[in-house]
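Engineer: Take a look at the following structure, please.
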Amino acid sequence: MMLPDPEQEEIKKLKKKLKQQEKKNTEIRDQMAVQRTIFANERTLMAYLRTSIAIIGGGFAAIKLSKHIYMEIVGLVLMPTGLALALYSLYRYVQKQKLIKSQKEEFTQTSHHHAAIHEKEASRYGNTD
């Protein structure tokens, strides 16, 4: 059963509008994924820095609050360890940011390619949706 022409035209318009919106949604999703990756890298840096501050603080407390020589040795080991962890975390953060930036520059939107492929495949079978 065929629908009247005005209804078919309305359906075609709605399908076209839906495809355009899906394309926009895909591109927005891709951009948001990049932002989530950047924020995850920043959260990881903050976690490393919190841990290094705690280690340095523990080493400082061990030196200042204890009268035993072995605790002073532990403190003298913990403080440089915390500093090394802080430096490592900054190095790691910078390396990951460079990687994210390079992958972001290489990224190209593919949603319009998928739409074109779909249209070509559909036209081979006589579909025009």
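Just so you know, all these numbers are worked out from the coordinates, no wet-lab data involved. Remember, predicted model here, so these are calculated numbers, not experimental data.
Engineer: Below 8 Å between Cα atoms, with a sequence gap of 6+, how large is the relative contact order for segment 35-98 in percent? Show your work: numbers first, answer last.
Structural biologist: Details: 58 pairs, mean separation 26.2, N = 64.
With pairs under 8 Å counted, the relative contact order is 41 percent.
Engineer: Could you run the Debye sum over the Cα atoms of segment 35-98, one equal point scatterer each and no solvent, and tell me log10 of I(q)/I(0) at q = 0.17 Å⁻¹, two decimals?
Structural biologist: Listed by q, the Debye log ratios stand at -0.59.
Engineer: Let me ask something else about it. Wrap a convex hull around the Cα atoms of segment 1-82, take a quarter of its surface area, and give that in square nanometres. Don't skip to the answer; put the middle values down first.
Structural biologist: Numbers: hull surface 37.1 nm².
For segment 1-82, averaging the hull's shadow over all directions gives 9.3 nm².
Engineer: Whole-Hz ³J(HN,Hα) for each residue in segment 77-87, computed from phi via Karplus 6.51 cos²θ - 1.76 cosθ + 1.60 with θ = phi - 60°, x for glycine and proline: what do you get?
Structural biologist: The phi angles translate into 7, 5, 5, x, 5, x, 5, 5, 5, 5, 5 Hz.
Engineer: Another question, then. Can you work out the Karplus-derived ³J(HN,Hα) for every residue in segment 98-106? Use 6.51 cos²θ - 1.76 cosθ + 1.60 with θ = phi - 60°, whole Hz, and x for glycine or proline.
Structural biologist: 4, 4, 4, 5, 5, 5, 5, 5, 7
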